[in-house]
Amino acid sequence: FYALSYVWVEPTSKPQEILIDGKSIPITQNLYDGLQALQKKVYGLVRIWADALCTCQEDVVERSAQIMLMREIYHSASEVAIWLGGNSDDGRRAFRFINDLT
């Protein structure tokens, strides 16, 4: 499976909708954009783990248990994709920081 790590942002617009097993799921624009970017990279049917989709965010017990498993989740993934957002000031700043580290 692929694990998608993405920047959580407060919803500023109407949520996007995706279909999972025939059920419509509302997600933030940033998660939607990250899934779209990953879809362009990966061909065929793949499993994707994204916390907002795989964890009931309203269930504090489940969310806490998932947080404790995140190290294992990311370690077990065949690939981890990181989505910092589209072409934004924060994304450019993050890449400059990474570049400065090297």
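Some points to look at:
- L45 passes every criterion in (1) open to solvent by less than 70 Å² (accessible area, probe 1.4 Å); (2) hydrophobic (A, V, I, L, M, F, W, C); (3) closer than 20 Å to S76 by Cα apart from (1).
- Considering residues of region 17-37 that are part of a strand (DSSP E or B) and touching a residue at least 12 places away in the same chain (Cβ under 8 Å) only, the residue surrounded by the fewest Cβ atoms within 10 Å (Cβ to Cβ): I20
- No other residue among K14, K40 is under 15 Å from the mean Cα position of the chain (by Cα) and loosely packed, with under 11 Cβ neighbours inside 10 Å apart from K40.
- G85 vs. criteria within 17 Å of the chain's Cα centre (by Cα) and at pLDDT below 90: yes
- Check on V61, at pLDDT 90 or above and over 13 Å from the mean Cα position of the chain (by Cα): yes
- Region 48-79, residues that are surrounded by 10 or more Cβ atoms within 10 Å (Cβ to Cβ), in a loop (DSSP other than H, G, I, E, B) and out of contact with any Leu (no Cβ under 7 Å at 6 or more places or on another chain): T55, C56, Q57, D59, A77
- Number of positions in region 80-102 that are over 15 Å from L4 (Cβ atoms) and open to solvent by 60 Å² or more (accessible area, probe 1.4 Å): 13
The values are calculated or read from the model by the stated rules, or taken from the named source; none is laboratory data. Model, not experiment: these values are computed from the prediction. Glycine gets a Cβ as well: all are built from the backbone with ideal geometry, and neighbour counts include every protein chain shown. The protein model used for the area step is the full one, side chains on, heavy atoms only, and it has no ligands, DNA or RNA in it. Shrake-Rupley method; radii C 1.70, N 1.55, O 1.52, S 1.80 Å.
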